[in-house]
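For reference, the structure discussed in these notes is given below.
The values are calculated or read from the model by the stated rules, or taken from the named source; none is laboratory data. Note that the structure is predicted; figures quoted are calculated from it, not measured. So basically every Cβ, Gly included, is an ideal-geometry build from the backbone, and we count neighbours across all protein chains shown. Quick note on the areas: whole protein, heavy atoms, side chains included, nothing else; ligands and nucleic acids left out. Shrake-Rupley method; radii C 1.70, N 1.55, O 1.52, S 1.80 Å.
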Amino acid sequence: MPGIDTDVLVIGAGMAGLTAAARSLGRGSSVIVVEKSATVGGSAQFAGYAWTAPTHEVMDEVNPDGDPALRRALVDGFAPGIEWIRSLGVECADAVTVLRYGTGHQFDTNQYIDECRRRIRAGGELLTGTRTLGLLAENGAVVGARMLLADGTEREIRARATILATGGFQANAEAVNKHIHPAASAMQLRSNPASVGDGLRLAEAVGAATGTDRSGFYGHLIPTGVSFRDPSDFVALSLYYSEHALLFNLDNRRFTDETIGDHLTTMDLLEQPESRGLLVADARVHRDWITGSYVEGAVAIDKFDLAQRRGGRCGFAESLDDFAYLPAEWGYDGAAIAEQIRAINAAGNAVQPPRTYDAEPMDEGPYYVIEASPALTFPFHGVRIDENGRVLAAAGGMIEGLFAAGSDTGGLYNHAYTGGIAPALVFGLAAADRAAADRAIVSA
């Protein structure tokens, strides 16, 4: 079987992989990128912001159980990552607040993808329609991978550094049920359907350490029973405003502090009976949050109107008394929920579970009701890395020659979230820089 030699082999051509490849070329390395799909970009095609926690203190507060070294590296590497994007001629907007505690920049991810692809094709090699069959290991080190090319031939690509960046395993039903929750595969997928866990499979086969099961996932609430028609629905149907609303399970009770973030409420709802709940907002929330922009500069979408037009379980009540007419087939006791809302309003700041960041009473009719379910973007379980993107070995130490970045990695988040594009960017750059430094040491 004929082989190919290169300095850096990147497996996966999404945000992390393209970043690592373009940066490696800039560091003077020879680069081959392989992607099993016919096109590049992965889930980054559907994103619009790079953001994370602005300081170590904020990161530690909102993500206390994440790997400390990775948390610190993400914060420290974010500003240089934004400068890297700008250095490619891609405009990044001024910083805005994201998810109450984060800071981020809007940028054209597809322009960024195109620029990275252009650089790779000009200075390296990009093989699409190419499946990775397995990693090549010698004396405990990874020295490349075995490929099935688009024409059906097999080829070994030997590399000094191999970077896994295949995008996670969110489209693998067995894996999400195992690592996230037994009901996780029932969630709709709001990301790239080609991400089925190739990186995790390849890394585990050579003895890589992996993250903690049940560490959670990133996703958002969406209207129950409303299917995504195209990737634009990933944002349009996400009920971001839930952090200002009330969410009740099938037992007609609140079960979480909704105000800490829709992305966290989404994880909590997966654990509830049938993984569905009734999201209730009043006129204040409708006026200030349902019809407004979720992030400064984003297009405003009336989420209630869209859910209603798309056939979601939606209700409109002039007063709390009208909750008694909630359709019985939905499975909730509307009158009981109305009584709960009255009790919540009366309790104020003493309400339990707390409403830490929005304890305003829900007492301004009319009321807007949507039944919501969780949708999955990517898991937090994955291949363990250090702050330089080097893959950790299950037996201890590092696996020489093997790196990972993006949604293939685990350990950064544990039931917490401070961005998806930012870690792909930061650790894609870190892996490329470390691989180049290692090559320079060997060559010296």
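Top to bottom by accessible area (1.4 Å), largest first, where do R254, R214 land? Don't jump to the answer; show the numbers that get you there.
Working: R254 15, R214 105 Å².
Listed by decreasing accessible area, they come as R214, R254.
Ordering of 363-372, 227-236, 157-166 by packing is 157-166, 363-372, 227-236, highest average first (other Cβ atoms within 10 Å, averaged per residue). By its C-alpha gyration tensor, with a ≥ b ≥ c as the square roots of the eigenvalues, how is region 219-334 shaped: rounded for a/c under 1.5, else prolate for a/b larger than b/c, else oblate? Rounded, because the longest to shortest axis ratio a/c is under 1.5.
In order along region 200-210, phi translates into HN-Hα couplings of 4, 4, 5, 5, 4, 5, 10, x, 6, 7, 10 Hz, rounded to whole numbers, per the Karplus curve 6.51 cos²θ - 1.76 cosθ + 1.60 with θ = phi - 60° and x for Gly and Pro.
Taking Cα atoms, how many degrees apart are the long axis of helix 68-87 and the longest axis of the chain, rounded to 10 and kept between 0 and 90? Taking the Cα atoms of the chain, the angle to 68-87 is about 80 degrees. Summing charges over neighbours of L70, with a neighbour being any other residue whose Cβ is under 13 Å away from its Cβ, gives -2 when K and R count +1 and D and E count -1.
Where nothing but the Cβ of Lys and Arg (+1) and of Asp and Glu (-1) is charged, how large is the charge dipole of region 44-133 around its Cα centre, in debye to the nearest 20? Kindly include the intermediate steps, with their values, before the conclusion.
Working: 9 positive and 13 negative charges, 95 e Å.
For region 44-133, the charge dipole is close to 460 debye.
For the chain, what is the mean residue ellipticity at 222 nm derived from helices alone (per DSSP H run of n ≥ 4: -39500 (n - 2.57); sum divided by total residues; nearest 500 deg cm²/dmol)? Rounded to the nearest 500, the figure is -8500 deg cm²/dmol.
In region 335-434, taking the dipole from charged Cβ atoms about the Cα centre, the farthest positive-side position among A393, F380, P423 is held by A393. Across region 246-263, computed HN-Hα scalar couplings (Karplus, 6.51 cos²θ - 1.76 cosθ + 1.60, θ = phi - 60°) run 10, 10, 10, 8, 5, 8, 6, 9, 6, 9, 7, 7, 4, 6, 6, x, 4, 5 Hz from first to last residue, x flagging Gly and Pro. Relative to the dominant Cα principal axis of the chain, helix 334-347 is inclined by about 90°. Note on S185: accessible area is roughly 60 Å² with a 1.4 Å probe, heavy atoms of protein only.
All other residues with a Cβ under 15 Å from the Cβ of L250 taken together, and with Lys, Arg as +1 and Asp, Glu as -1, what is their net charge?
-3
Our coupling estimate for region 310-322, obtained by passing each phi through the Karplus curve with A = 6.51, B = -1.76, C = 1.60 and θ = phi - 60°, is 8, x, x, 6, 10, x, 10, 10, 5, 8, 5, 4, 6 Hz, Gly and Pro reported as x.
Per residue, the average separation of C-alpha pairs within less than 8 Å and at least 6 apart gives the chain a relative contact order of 23 percent.
For region 313-444, what class follows from the C-alpha gyration tensor (a ≥ b ≥ c being the square roots of its eigenvalues): rounded when a/c is under 1.5, otherwise prolate if a/b is larger than b/c, else oblate? Since a/c reaches 1.5 and a/b is larger than b/c, the shape of region 313-444 is classed as prolate.
The protection proxy used here, the mean number of other Cβ atoms lying within 10 Å of each residue, ranks peptides 263-273, 55-65 as follows, highest first: 263-273, 55-65. Pull out a ≥ b ≥ c, the square roots of the eigenvalues of the alpha-carbon gyration tensor of region 48-158, then state rounded if a/c is under 1.5, prolate if not and a/b is larger than b/c, and oblate in the remaining case. Oblate shape, in that a/c is at least 1.5 and b/c is the bigger or equal ratio. What is the helix-to-structure angle for 109-123, meaning the angle in degrees between its Cα long axis and the longest Cα principal axis of the chain, kept from 0 to 90 and rounded to the nearest 10? Around 10 degrees separate the two axes. Of the trypsin sites (Lys or Arg not before Pro) found in region 1-107, those that fall in a DSSP loop while having at most 13 other beta-carbon atoms within 10 Å are R100.
Applying 0.36 nm per residue to the separation of Q45 and T356 and subtracting their alpha-carbon distance, the gain on full extension is 108.6 nm. The magnitude of the dipole of region 348-444, with charges of +1 and -1 set on the Cβ of Lys/Arg and Asp/Glu and taken from the Cα centre, is near 500 debye. Net charge near D333, counting Lys/Arg +1 and Asp/Glu -1 over other residues with Cβ under 13 Å of its Cβ? Result for the neighbourhood of D333: -2.
Using the heavy atoms of the protein chains alone and a 1.4 angstrom probe, what is the accessible area of region 146-197 per residue in square angstrom?
Ligands and nucleic acids excluded, the figure is 42 Å² per residue.
Model label sites at E61 and R253, defined 7 Å from Cα along the beta-carbon direction, differ in position by 3.0 nm. Farthest towards the positive end of the charge dipole of region 1-136, among the residues G124, T97, Q111, is the Cα of G124, using unit charges on the Cβ of Lys, Arg, Asp and Glu.
Sorted by accessible area (1.4 Å probe), largest first, how do R118, R434 line up? Intermediate results must be reported in sequence, preceding the final value.
Values: R118 130, R434 70 Å².
Most to least solvent-accessible, the answer reads R118, R434.
Relative contact order of region 169-216, taken over Cα pairs closer than 8 Å and 6 or more residues apart, is 45 percent.
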